[in-house]
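Just below is one structure, and these are the notes that go with it.
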Amino acid sequence: MEFTRRTFLGTSASAVVAASTMAKGTVLGANDRIRVCCIGLNGRGGAHIRECIAQNGVEVAALCDVDERVINRRAQEVAEAQGSKPKLYADLRDVMDDDSIDAITLATPNHWHALASIWGCQAGKDVYVEKPLSHNVWEGRQLVAAAQKYGRIVQHGTQSRLSSTLMRDIQLMHDGFIGEIVHSRGYVYKNGNRHAIGHGRPGKAPDYLDWTLWQGPAKRRPYLERVEGRGGLQVHYNWHWFWEYGNGEIGNQGVHEMDIACWGHNRGAPVKVMSQGGRYGWDDDGETPNTQATSYTYADGSMLTFEVRNLGSFPEKCDRSCSNSFFGTEGYYVRGAGFFNYKNEPIPVEVEEPPSNGVFGNFFDAMRSRKAEELGAPVEAGHNSCIHIHVGNIAYRLGRSLEFDPKKERFVKDREANRYLKRDYRDGFEPDELA
């Protein structure tokens, strides 16, 4: 029987979601089957389903999405792949009320990531949350606090943290293999993958989509129909380019390279940030920059630079359009190419790569052991990488250099900039203040 969208009610009893009480959660034995609900099923959500089904002892027991066409398609895929039908939910708050679900994976738009993850922790569920784990700095800190307070396993969906090659090479850098790292660089060019999105006009959302629930904690905005062509302008991908829902390219593909840059640079959050750019060459309704150059300075004077160029660019030394470089006092490293001295001669590496079972395998292993320290992409590391994204975007939007206090996670004596650290949440969709 096909799933039909349940009418959204703002007064839904499930909105309370364990209202600030500590949920016990299931304690899993080594042989217990882990029951997962995948939430947000378009795009990356499909990969979540496939990854979970591929794991031993894991069942995709439920699916959740506000688009009934998407959820029906995915439900059929799950039934065919694993031989059992999942439960279907429209409202993720009902998932939180389902005590049979041990874990959730989240591939919703960015503006839902932190809130849904916090609700999951409060409901006693472990969480795999897609990148970036937050839409703003404040809610990211609340998610870190929620994972700690409720004793939950929370993995950030930046897969490179479980790359065997990067695990080895970044540890070598931390050990001084090319001296002290003084400059890190990340870049995202997405050659040929990004284009103008066109224009939209207010219209009626299709019957198969719960537009009110899709917006969740964001301000209510009209559903935009395309002026040119058919379909919606924001759903299901172009929301990335609207500040209300996304974080631009630096928070889309860029979060992967930013996470690697922060991991290798290993300095925590910056003390200064500046960012410039614009949305060049495209006549469309997108709000975020398609060209952006951002620099971060740390307390010890070292720096990290990050570039976004959606108009295209040349491939770098490693023949990649999205990658990283690290520059030390005795040599440099290019992801995909290796280590070099300053005569541009390769430096051989004789250390073996450590084993890795991938970001999902690592997540489920940590669920069974209940040891958050075993996570390759822990929530604290993800939060630090997302701080870089958010403060970079704030500097871009304000058009000036900013000073940041890493301990307080606030800008220094800058009321205007600090207003961007937290959004105005819609009633009934406010994360609890836990930190």
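Could you please tell me which pairs satisfy a Cβ distance under 6 Å, a separation of 6+ or placement on different chains, a first residue in the range 406-435 that is in a strand (DSSP E or B), and a second residue that is among the hydrophobic types (A, V, I, L, M, F, W, C)?
Phe411/Leu402; Phe411/Phe404; Phe411/Ala417
Mind listing just one residue for me: the one in the range 284-314 that is out of contact with any Asp or Glu (no Cβ under 7 Å at 6 or more places or on another chain), modelled with pLDDT under 95 and within 30 Å of Gln234 (Cβ to Cβ) and, of those, surrounded by the fewest Cβ atoms within 10 Å (Cβ to Cβ)?
So the residue we want is Gly312.
Tally time: how many residues in the range 315-350 are hydrophobic (A, V, I, L, M, F, W, C), in contact (Cβ under 8 Å) with a residue 40 or more places away in the chain and either touching a Ser or Thr at 6+ places or on another chain (Cβ under 9 Å) or loosely packed, with under 12 Cβ neighbours inside 10 Å (or both)?
2
Anything in the range 154-184 that is over 21 Å from Glu380 (Cβ atoms), of a type in the set (Val, Ile, Thr) and touching a strand residue (DSSP E or B) at 6+ places or on another chain (Cβ under 7 Å)? List them, or say none.
Ile178, Val182
Please find, among Tyr223, Tyr208, Tyr187, the residue that is in contact (Cβ under 8 Å) with a residue 24 or more places away in the chain, in contact with a strand residue (DSSP E or B) (Cβ under 7 Å, 6 or more places away or on another chain), under 30 Å from Trp138 (Cβ atoms) and aromatic (Phe, Trp, Tyr).
The unique qualifying residue is Tyr187.
Considering Ala79, Ala114, Ala145, which residue is closer than 26 Å to Val255 by Cα, of a type in the set (A, V, I, L, M, F, W, C) and surrounded by fewer than 20 Cβ atoms within 10 Å (Cβ to Cβ)?
The conditions single out Ala145.
For the range 237-258, give me each residue that is farther than 16 Å from Gly277 by Cβ and among the hydrophobic types (A, V, I, L, M, F, W, C).
Trp239, Phe242, Val255
Looking at the range 369-397, which of its residues are surrounded by fewer than 17 Cβ atoms within 10 Å (Cβ to Cβ) and not acidic (Asp, Glu)?
Ser369, Arg370, Lys371, Arg397
Only one of these conditions is not met by Val273: (1) in contact (Cβ under 8 Å) with a residue 24 or more places away in the chain; (2) outside any strand (DSSP E or B); (3) not aromatic (Phe, Trp, Tyr). Which number is it?
(2)
Within the bounds of the range 97-111, is there any residue that is in a loop (DSSP other than H, G, I, E, B) and β-branched (Val, Ile, Thr)?
yes
The values are calculated or read from the model by the stated rules, or taken from the named source; none is laboratory data. Every value quoted in this text rests on a predicted model; they were computed, and no experiment measured them. Every residue, glycine as well, gets a Cβ built from its backbone with ideal geometry; the counts of neighbours run over all protein chains shown.
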